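I have placed the structure first, in the form of structure tokens, so that the comments after it can refer back to it.
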Amino acid sequence: MNRTVVYTVFIAAVLSLGLLIGTNNIPGEWYQSLAKPTFNPPNWVFAPVWSILYVMIGGVGARMFLAHRHTAAMRLWLAQMILNFLWSPLFFGMQDISSALIVIIALLIAVAAFVIASWQRDRISALLFLPYLAWVAFATVLNGSILLMN
């Protein structure tokens, strides 16, 4: 299998799906009306951060697919993608802050489990997921704070 093609497909698919979900679940008036904590970043921060993370996540998915396709780490990678793509429709689309919090907690656990599962086998993938883990941890605190404030 051509490595370049696999990387291109994974990165393009993750980035495209992420951006598609994001553009179909834009924070609107409802989100603007919510009470938010002081550490809530401005809205313009989210698109570039997620774009960079999606490129990294896609690259890690390609690495897993090429070298560790039948491992727990690959299954965790897939699980975190599903949870990741589920969060925005719940939070912004359905305006269900509590269900979104449950999903993002599961996402945080899946990302942390991926880092642990891949640490010995593919340290580069584990390290590439650390910024993602940090961002999801921050987003989990933000989601929880918004739930408590509203």
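The values are calculated or read from the model by the stated rules, or taken from the named source; none is laboratory data. Computed from a predicted structure; not experimentally measured. Cβ atoms come from the backbone with ideal geometry, glycine included; neighbour counts cover every protein chain shown. To get the accessible areas, we keep the full protein, side chains included, count just its heavy atoms, and leave off ligands, DNA and RNA. Shrake-Rupley method; radii C 1.70, N 1.55, O 1.52, S 1.80 Å.
A few comments on the model shown:
- ALA139 being without any contact (Cβ under 8 Å) to a residue 24 or more places away in the chain, not in a loop (DSSP other than H, G, I, E, B) and not basic (Lys, Arg): no
- Search result, residues across the stretch 65-76 that are open to solvent by 40 Å² or more (accessible area, probe 1.4 Å) and either part of a helix (DSSP H, G or I) or hydroxyl-bearing (Ser, Thr, Tyr) (or both): PHE65, LEU66, ALA67, ALA72, ARG75, LEU76
- Taking the listed residues ALA79, ALA62, the one that is surrounded by 16 or more Cβ atoms within 10 Å (Cβ to Cβ), at pLDDT 95 or above and touching a Lys or Arg at 6+ places or on another chain (Cβ under 9 Å) is ALA62, with no other qualifying.
- Selection within the stretch 124-134 - surrounded by fewer than 18 Cβ atoms within 10 Å (Cβ to Cβ) and among the small types (Gly, Ala, Ser): ALA134
- Residue that is farthest from PRO89 (Cα to Cα), among those in the stretch 1-28 that are outside any helix (DSSP H, G or I) and either polar (S, T, N, Q) or free of Cβ contacts under 8 Å to residues at least 24 places away in the same chain (or both): ASN2
- Number of residues in the stretch 1-50 that are touching a helix residue (DSSP H, G or I) at 6+ places or on another chain (Cβ under 8 Å), open to solvent by 80 Å² or more (accessible area, probe 1.4 Å) and β-branched (Val, Ile, Thr): the value is 2.
- Filtered residues of the stretch 82-123 (kept if closer than 23 Å to VAL55 by Cβ, in a loop (DSSP other than H, G, I, E, B) and open to solvent by 80 Å² or more (accessible area, probe 1.4 Å)): TRP119, ARG121
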